[in-house]
1. Between a first residue in region B:12-34 that is at the interface with chain A (Cβ under 7 Å from one of its Cβ atoms) and a second residue that is acidic (Asp, Glu) and loosely packed, with under 15 Cβ neighbours inside 10 Å, which pairs have beta carbons less than 9 Å apart while being 6 or more apart in sequence or on different chains?
2. Starting from residues that are more than 12 Å from chain B (Cβ to nearest Cβ) and assigned to a strand (DSSP E or B), keep the ones in region A:188-203 and report whichever is nearest to the chain's Cα centre (by Cα).
3. Taking region B:45-70 only, how many residues are under 14 Å from residue A:87 (Cβ atoms) and aromatic (Phe, Trp, Tyr)?
4. Return the residue satisfying two criteria in turn: it lies in region B:104-133 and is crowded, with 16+ Cβ neighbours inside 10 Å and of a type in the set (D, E, K, R), and of such residues it is modelled with the highest pLDDT.
5. Any residue that is of a type outside the set (Ser, Thr, Tyr) and either under 22 Å from residue A:287 (Cβ atoms) or within 13 Å of another protein chain (Cβ to nearest Cβ) (or both) - is there at least one of those in region A:217-225?
6. Name every residue in region A:160-187 that is over 20 Å from residue A:262 (Cβ atoms) and either part of a strand (DSSP E or B) or free of Cβ contacts under 8 Å to residues at least 24 places away in the same chain (or both), in order of residue number.
7. What are the residues in region A:154-191 that are at pLDDT below 65 and surrounded by 15 or more Cβ atoms within 10 Å (Cβ to Cβ), if any?
8. For the list (1) modelled with pLDDT of 90 or more; (2) more than 8 Å from chain A (Cβ to nearest Cβ); (3) under 25 Å from the mean Cα position of the chain (by Cα), I need the number of the one condition that residue B:6 fails.
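The values are calculated or read from the model by the stated rules, or taken from the named source; none is laboratory data. Model, not experiment: these values are computed from the prediction. Here the Cβ positions follow ideal geometry from the backbone for every residue, glycine too, while neighbour counts run over all protein chains shown.
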Amino acid sequence: MHNKKTQHFDGLEQLSTQELEEILHNDWAQSETDNSEMIYRVLSTLEQRTFDTKQGANTSAAWQVFQTQYNTPEGQDLSLYPCELPAQKGKPGSTGMLRRICTVAAVLCLVVILAVPVFGSQSVFQIIGRWTQELFYFSDGSPEPTVTVAGVNYSTDNPDLLEVFNTVSGRNSSSPIVPSWIPEGFEKDELSETQTPRYVRITSRFLKDGKELGLTYCIYASPVDSDFVYEKSAEDVQIVEIAGVQHYFFRNMGMQMCCWITGNVECTISGDVSRDDLLRIVGSIYP
Amino acid sequence: MKEDSFIEELYRLEYNKLLGYAERRLNNLELSQDLVQDVFHEAVRHKEKLFLHPNPQGWLVQTLKNKILSNERERAHYAKLFVSSEDVKELAAPSDGTWEMMETIRKVLTEEELSLLWRIVLGGESYLAVSCELGITVWACQKRVSRIRQKLREAFPDIKSRKNLKILCQLLVFAAIYK
């Protein structure tokens, strides 16, 4: 019954209880990442340390409740808290395509980082920014119909983004700030403009199966004088420099967020997407 | 049946681990127990696949994580729009269709339905506790909440608009406090 793959998690017993608790806490910061094996080992280690003689009786009582209240014919096709279920994994020991891609990507990433001093690049983060676009861009090679604006290709298959771009451009923002890519399936639900004495705010919202993705631009008449405060979760903010612009990535509850200022525009992208997708969205802004 | 024995064995070995995980995240024992029980209910529903799964423990952990995230998102979605009692008083002044929405809520939902929605979706109470109090089964309670959500979706088809959702939640609070 027990997972035999313990060799990768040797040493958990050496960690303090606080350190183990911290691993669990940090796992929530990467909610889209499947760390279930590691988490299971951490929970097992903690359970051994906090063994309670009443645990067996408590489990038996819970099992009785489960059988009489939850595991009944009435609930056969129902869920109390519907969610996406984990996909079936491959056989133990097999290496999936995704794992091979990630391994190759990790090696190449390391080579690039080590090569920075040799090729005289000014910033490692600039390379990472470009690398993110290259790594996550999958193409079958066939040319797509596109509209090229300021060096950025907006596919005519996604007119929603082009509409956002045109709306933003209509307010005389000359800086590249609108992404040319968003994850497949998101469709525009709302695009609105709000005029205030200090700025014009353009808000667009995309929806996919109940998930949201929002693009917000505040275009100031003069240099940005922002008084916005963004709520965030406890995790640190990650700063990524792309095309010479510092982008701030953080989380707020289950939403990934990115904020930055370019020219006279304060930009925010937030959504129910993975951090990797958000990086790709931001990266697609730049040529 | 071997899958049934498998599920029971899995339950007895893993229940406390999963409960510990949920409690650390939610700091709510009652809700944590409800979620963990629902995870094992999913396990029963998919027992044939789980029996052949190379890592059933990992499946349980990931399913629990997904359920917690899904539950948190829904409550955070409504909690963000929660208004203080001072803000609710401002709704006393008729404006832009809010009274019409209020009347619609009153027609669509009974007092009991309003209370049930509040307790389960916003209050963080477990289906088990609420159903025991009401003298109904857990699944009867779940079906009631589903019907309430459906009623609101049908009554307010534009509810996906953030502005209208905000107004609706304000009105739900208003209706709950000034019933």
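1. Pairs found: B:16/A:52; B:24/A:21.
2. Selected residue: A:188.
3. The qualifying residues number 1.
4. The residue in question is B:125.
5. Yes, region A:217-225 contains a residue that is of a type outside the set (Ser, Thr, Tyr) and either under 22 Å from residue A:287 (Cβ atoms) or within 13 Å of another protein chain (Cβ to nearest Cβ) (or both).
6. A:184, A:187, listed by residue number.
7. Within region A:154-191, the first condition is being at pLDDT below 65, and the residues that meet it are A:155-157, A:172-174.
Within region A:154-191, just A:173 meets the criteria.
8. (3)
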